[in-house]
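Structure first, then comments.
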Amino acid sequence: MGDMSNSDFYAKNQINEGNHEAGFGCSVMELRSLMEMRGPEAVVKLQDDYTGTEGLCKRLKTSPTEGLAGDQTDLDKRKEIYGKNVIPPKKPKTFLQLVWEALQDVTLIILEIAALISLGLSFYHPPGDSSGEFCGAGAAGVEDEGEADAGWIEGAAILLSVVCVVLVTAFNDWSKEKQFRGLQNRIEQEQKFQVVRGSQVIQLPVSDIVVGDIAQIKYGDLLPADGVLIQGNDLKIDESSLTGESDHVKKNADKDPMLLSGTHVMEGSGRMVVTAVGVNSQTGIIMTLLGAGPEEEEKKEKKGGAVQDGHQNTGKMQDGNMESNQIKVKKQDGAAAMEMQPLKSAEGGESEEKEKKKHTGSKKEKSVLQGKLTKLAVQIGKAGLLMSAVTVIILVLYFAIDNFVLQKLPWLPECTPIYVQFFVKFFIIGVTVLVVAVPEGLPLAVTISLAYSVKKMMKDNNLVRHLDACETMGNATTICSDKTGTLTTNRMTVVQCYIGDVHYKEVPDPAALPTKSMDILINSISLNSAYTTKILPPDKEGGLPKQVGNKTECGLLGFLLDLKRDYQPIRNQIPEEKLYKVYTFNSVRKSMSTVIKLPDGSFRMYSKGASEIVLKKCSHILSDVGEVRVFRPRDKDEMVKKVIEPMACDGLRTICVAYRDFSSDPEPDWEDENSILNDLTAICVVGIEDPVRPEVPDAILKCQQAGITVRMVTGDNINTARAIAIKCGIIHPGEDFICIDGKEFNRRIRNEKGEVEQERIDKVWPKLRVLARSSPTDKHTLVKGIIDSTLGDQRQVVAVTGDGTNDGPALKKADVGFAMGIAGTDVAKEASDIILTDDNFSSIVKAVMWGRNVYDSISKFLQFQLTVNVVAVIVAFTGACITQDSPLKAVQMLWVNLIMDTFASLALATEPPTESLLKRKPYGRNKPLISSTMTKNILGHGVFQLIIIFTLLFAGEKIFDIDSGRNAPLHSPPSEHYTIIFNTFVMMQLFNEINARKIHGERNVFDGIFRNPIFCTIVFGTFAAQIVIVQFGGKPFSCQPLNLEKWMWCIFLGLGELVWGQVIASVPNSKLRFLRRAGQLTRKDDLPEEDTNEDNDEIDHAERELRRGQILWFRGLNRIQTQIRVVNAFRSSLYEGLEKPDSRSSIHNFMTHPEFRIEDSTPNLPLIDDTDDDSARRRGKYSSQPSSPNKNNNAIDSGINLTIDTSRSAASSGPASPLHSLETSL
């Protein structure tokens, strides 16, 4: 916050003196007020106060073309005056706060209260000496051995052990938080931005950007600071994170030049001068308002959520929808609010976000493991509560009946404290049973295991942004991978080309090419590419030249250099400001075009893009002498067959370069893209190679062995994609698989009305291996289709890799989204769960290995934990019932609890992964957490330990020839008998911990034990601590020192565990059919509530849209019926020779982007059919709205050829219904 007060101080001081000592022509406050303007008023203010952008740059002492000089003192001065580009993070929780949080645990609070009562009572001495005799057998021997003074020890010891547990928990939380901060810093340092300094374009960490910097912005960036646009090409910004407007805002220097931090560039490119950074930027201002403090922040957020819902719900309540929906929406909105935070979150730690996310449940859904664990913990907790209640009741009844009924003793007032002391003792025993039964180590084990894995995964180039992603990855059954940059090296080089009617198989000699073609080609490539794309000399001698910017463009520029020409002089001649109009590349156009004004006033447009798309628009081509000749459709077909397909089959990406001249006299209407991007003249077609990464085939093979299907989803041509897929080993010749392109995919999965149907997707995806020429929507549809599919008994867990802005929706929808750290845009990184810092597919395999390891670690811990729980609870319960006193005292139980919960979770959760993890199939979502092998181990070891302990309890005194410890009076000194039981119990746990290292029934439990130093340390440490407790624990631990012989016996009985483990391993699982159910997620729990809400919420958006038209719709009903008859008559004649049109644009596009209707690829149908199709489609949506089952609707439906089966419409908000397909980014 220092920076802010600093800058404020400056601002206040210097507004008066016109801010001239500072040397800059405008103060923080002036700039801040400028940035609060929007649109035309901003332009006016710029013009009035600063005489436009140039004036602003002058006053900020910067050059619009060359940027700042980059002189250190100047930069420091700017930072001092205008602030640094960091938003101070919220303070981390202090250790004391964490301690306080750990103390909130209910079981611990109960124990503390009980201990305090026990303490209080031990200091109370009943009056009179004789009371002892009257108060019954229980009180006898209270005073005998002068032990009464020691009565307080037990209470104190319990308090002490509670303190231990709390400190350990707090420490774990604290280290977790620290790791998160580290992770966050790492993520922030990764984020770099392109800035012009000293006329050089350099990449700077975002925090080094200062006011006055000239930043280059391009498609996919997350803007790091506020600024004013100097020059832009076709720039569109998504400002929804600040304004909530989902429409992309067009920006240009003369209409709306204001760019705000935290917004995303969705299209185009440009340059801006930075005017506000850090706390003074728009995001910073909002963040400082939020940063008032976490509590207020949460309140605000709730309020904000409520306000937003207010608008939504008014509509809903009128429909008589349930209140519950409102609540659901609230949750959802909270989620939206949460996900909007940019990477540099104000909280400065994803941990806060994490914690909040946990509460609002906004991450896609509970991770599989957490779902199973919560369920299990609840089950165990209930059982424990029951057991402890029964224990207490039995003890109290037994005492009461024994004293007051059988011995007929009166209740004397002076005896009350003694009786109360007994009851408190019983209560403490009950609570202890509960403490041991509740596996509070479970969440701890998960956290430790995940945090440990995340730390280690950093070394394997996986930067994990959401903890649970790591574990979900172990369950992945499908990976949908991008091609470029993930499977391939993303170093594009042109290896073949077709110029002047000749197909060259390698880069031709420049002399062989016609000069005219050559000149146009060189101009076209140099000018029609982002000026940020460059080829720099290699870093090391003899290395490959460095490619900066868009890799495909780098390939083309490299092609120029191979032709012995240079692009720089041409760019210097026509700098970026002089480009007349730029149509930037986006996923709809699949091409990029730049218009320049020629000296004679006419215009020339250069175009480049995917060859099949650009060639369709060419009507001429340059001949072998560089002359323009007509390019007929049959020439196109021949070219595709002879040139493009062979290139694609070699795995090359084909790009066509073309141009077109326009006269200046009526200046063309540049906004009418369809007529401008047409009638082109083709210059050449190049084949660009992007070699497969050498380690990818091996990694894919590992995935396939591990039961994971790899699917390739790419924007490339189908032949290129297939060739690369064969090289990678995604498909093997002779297998039964499908490779299709986006068009065919959409044809197969959509019904006649253009809606996506789940059952159609289910026919396609199981065999689909390559999806080529896919749009972002296709990728999202595929991912969603696989996740929602109900084929097979397991729900598929899908991982997706992506790097482009357009991959955002798919990355968010997937169970685990991987973004590319190097090539990825900020938007993709925002939407992802894991960032691959080296963009390499083999890192994903590592992530799978770690994910499975987490799952196994948790299972190991569970197996150990449950054995201890079962045994301790049964021993305490039976002991209490038979001997009125638990053989394991409260403090001892707490010690056992500490060993098995905290230390064991550390020991077992940090096992390093082994390659063997990749040899088995994924567990899937419905597999029970506790496999049959584990159940067998738990029960087997439990039985063994119980037999030993009960033998010791009831026959121990005879075996060891010592005094029996049973039925000892209150406050009697600890007995050797019970110490042996305690010691043996702990020894058995220690050796069982070694058994627990293997959960798949392996024989060698010591395998790789020394690779895990933490495990060894903990086992030996616990052993040492146990010796200290037994020998010197005395009264607080109720222990009597043992001699060597008895120690040997205890250890010997403990070692029996290892032998017994081998015996259990020999029992085949098939004998134990009954062990199947524990901790299993049934189909219903499989999609936790958040998930279902999500759907409702999305539907509500759609319904709301539709409701507006509903009233009109009913009015127009009769009219439409009449029209339908007409249409049907038309239709029957129209479709005789035609197939039904099947490639309708999707229902979501129709809902959200009406302008996409132009994309329909059946423009030759008469319009009347289109209107009918729309109305039918609208009606399709209505009839499937359960909320208004209108008879009329269905009646009409049946009157159309496109009959909607009414029986389905009733049940159609199931996963396959049209409504379900509305779940896109509405």
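So the values come out like this:
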{"read-out": "Of all residues making up the range 762-794, the number that are part of a loop (DSSP other than H, G, I, E, B), farther than 21 Å from Thr720 by Cα and open to solvent by 10 Å² or more (accessible area, probe 1.4 Å)", "value": "6"}
{"read-out": "Candidates Lys590, Lys636, filtered to the one that is closer than 26 Å to Gly742 by Cβ, more than 44 Å from the chain's Cα centre (by Cα), surrounded by 13 or more Cβ atoms within 10 Å (Cβ to Cβ) and charged (D, E, K, R)", "value": "Lys636"}
{"read-out": "Exclusive hit being touching a residue at least 12 places away in the same chain (Cβ under 8 Å) and touching a helix residue (DSSP H, G or I) at 6+ places or on another chain (Cβ under 8 Å), set Val614, Val696", "value": "Val696"}
{"read-out": "Cβ-Cβ under 6 Å pairs, at least 6 apart or on other chains, the range 29-45 side closer than 15 Å to Leu259 by Cβ, far side assigned to a helix (DSSP H, G or I) and open to solvent by 10 Å² or more (accessible area, probe 1.4 Å)", "value": "Met37/Lys45"}
{"read-out": "Breaking point among (1) outside any loop (DSSP other than H, G, I, E, B); (2) touching a residue at least 60 places away in the same chain (Cβ under 8 Å); (3) farther than 27 Å from Ile535 by Cβ, for Gly182", "value": "(2)"}
{"read-out": "Complete set of residues in the range 614-628 that are touching a strand residue (DSSP E or B) at 6+ places or on another chain (Cβ under 6 Å) and not in a loop (DSSP other than H, G, I, E, B)", "value": "Val614, Leu615, Cys618, His620, Ile621, Leu622, Val628"}
{"read-out": "Test: residue in the range 460-472 that is basic (Lys, Arg) and over 30 Å from Asp562 (Cα atoms)", "value": "yes"}
{"read-out": "Filter pass, Lys608 being of a type in the set (Lys, Arg) and out of contact with any Lys or Arg (no Cβ under 9 Å at 6 or more places or on another chain)", "value": "yes"}
{"read-out": "Residue that is open to solvent by 20 Å² or more (accessible area, probe 1.4 Å), out of contact with any Lys or Arg (no Cβ under 7 Å at 6 or more places or on another chain), in a helix (DSSP H, G or I) and not aromatic (Phe, Trp, Tyr), where the choices are Met458, Met473", "value": "Met458"}
{"read-out": "Complete set of residues in the range 192-235 that are touching an Asp or Glu at 6+ places or on another chain (Cβ under 6 Å) and among the aliphatic types (A, V, I, L, M)", "value": "Val195, Leu222"}
{"read-out": "One residue from Asp826, Asp807, Asp833 being of a type in the set (Asp, Glu), modelled with pLDDT of 85 or more and under 17 Å from the mean Cα position of the chain (by Cα)", "value": "Asp833"}
{"read-out": "Hits in the range 652-676 - residues which are of a type in the set (Asp, Glu) and either open to solvent by 70 Å² or more (accessible area, probe 1.4 Å) or in contact with a Cys (Cβ under 8 Å, 6 or more places away or on another chain) (or both)", "value": "Asp661, Asp665, Glu667, Asp669, Glu671"}
{"read-out": "All strands (runs of 3 or more DSSP E) inside the range 498-583 with 1 or more residues being more than 29 Å from Val630 (Cα to Cα), open to solvent by 30 Å² or more (accessible area, probe 1.4 Å) and not hydroxyl-bearing (Ser, Thr, Tyr)", "value": "534-536, 546-548"}
{"read-out": "Tabulated pairs, the range 551-577, first at positive phi, second in a helix (DSSP H, G or I) and at pLDDT below 90, C-beta under 8 angstrom, 6+ apart or interchain", "value": "Lys564/Pro510"}
{"read-out": "The range 959-994, subset β-branched (Val, Ile, Thr) and part of a helix (DSSP H, G or I), residue surrounded by the fewest Cβ atoms within 10 Å (Cβ to Cβ)", "value": "Ile959"}
{"read-out": "Entirely in the range 654-744, the strands (runs of 3 or more DSSP E) that have 2 or more residues that are touching a strand residue (DSSP E or B) at 6+ places or on another chain (Cβ under 6 Å) and aromatic (Phe, Trp, Tyr)", "value": "none"}
{"read-out": "Strands (runs of 3 or more DSSP E) fully within the range 187-241 counting 1 or more residues that are of a type in the set (D, E, K, R)", "value": "192-197, 214-218, 226-238"}
{"read-out": "Any hit, the range 36-44, residues being at pLDDT below 85, in contact with a helix residue (DSSP H, G or I) (Cβ under 6 Å, 6 or more places away or on another chain) and under 21 Å from Ile285 (Cβ atoms)", "value": "yes"}
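The values are calculated or read from the model by the stated rules, or taken from the named source; none is laboratory data. Because the structure is a prediction, the values reported are computed rather than measured. Every residue, glycine among them, receives a Cβ derived from its backbone with ideal geometry; neighbour counts consider all protein chains shown. Note: areas computed on protein heavy atoms with side chains; ligands, DNA, RNA excluded. Shrake-Rupley method; radii C 1.70, N 1.55, O 1.52, S 1.80 Å.
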